[in-house]
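S.K.: Could you have a look at this structure, given as structure tokens, before my questions?
The values are calculated or read from the model by the stated rules, or taken from the named source; none is laboratory data. It should be emphasised that the depicted structure is a prediction, and the values quoted were computed from it without experimental measurement. Neighbour counts run over all protein chains shown; Cβ positions are idealised from the backbone, glycine included.
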């Protein structure tokens, strides 16, 4: 489905877009996406890793028929890496090549501090985009508090000052999605600036439907066993509980191997697709018989 103008988008459009992209969701998610678009307000999405937070940004980009610009946050991220950098090597090379030219110093400076030598990072890309983009600020909680404060200022003013060239103000305010895994607490100021959505682990029916939707060729029995097994894993006190992404990776791998049902040997051989911590692996291995009994998985094909 194509939507040409934001004003034309209604709640049913959003639900259909989510479904068309194989995103199995509920009404609260669809409503949050819809209101964020209608109110032009940043949407902060928190939840465990691998539950589909980033996919929301893709849905919004499709809704607006625009580009998705992604800023991946990490510890030590600063304004330079988020905004812009000058291509110093090209600037020096250009100055070397024009040493004998009759240009004045002012003319040379004007040339090297032009767009041709400016490397736009995600925030500047979003501000200078030719149409309203979707700006995904991924894993904001991994950045430092100083960067969070800087980001809050950008989200408020939507303008950036480059000392060598002047102030650039956005002609199209980006639609912003922020995601976080709650590795640290975000400031109240940032939370007040955004709408909030929490996405947790899905229940059995929803996760089973996700597996069947993403992998339509998978054996029904295998899809059910995988889903039940992962649900039981999340009930354990693991360091890194598997997300939907791990469920789909496991299902895709077993389906590619033409596996029709789970047994102990297959689980042991492919456990690394769903468990990503050595302590968790050991704990699951020790509890494997109990897990199989709870999920109705036998060691032999009936």
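S.K.: For the range 79-94, indicate whether the set of residues that are within 20 Å of the chain's Cα centre (by Cα) and part of a helix (DSSP H, G or I) is non-empty.
M.R.: Let us first name the residues in the range 79-94 that are within 20 Å of the chain's Cα centre (by Cα), namely 81-83.
Next, only the ones that are part of a helix (DSSP H, G or I) stay: 81-82.
The answer is yes; a qualifying residue exists.
S.K.: Could you grab the pairs with beta carbons closer than 6 Å, sequence gap of 6+ or different chains, first residue in the range 272-300 and free of Cβ contacts under 8 Å to residues at least 24 places away in the same chain, second one not in a helix (DSSP H, G or I)?
M.R.: Within 6 Å, the pairs are 281/275.
S.K.: Can you tell me which residue is farthest from residue 182 (Cα to Cα) among those in the range 55-88 that are at pLDDT below 80 and out of contact with any strand residue (DSSP E or B) (no Cβ under 8 Å at 6 or more places or on another chain)?
M.R.: Within the range 55-88, the match that is farthest from residue 182 (Cα to Cα) is 88.
S.K.: Another one. Quick check on my filter: what residues within the range 40-78 are in contact with a helix residue (DSSP H, G or I) (Cβ under 9 Å, 6 or more places away or on another chain), assigned to a helix (DSSP H, G or I) and touching a residue at least 60 places away in the same chain (Cβ under 8 Å)?
M.R.: Residues satisfying the conditions are 56, 60, 63.
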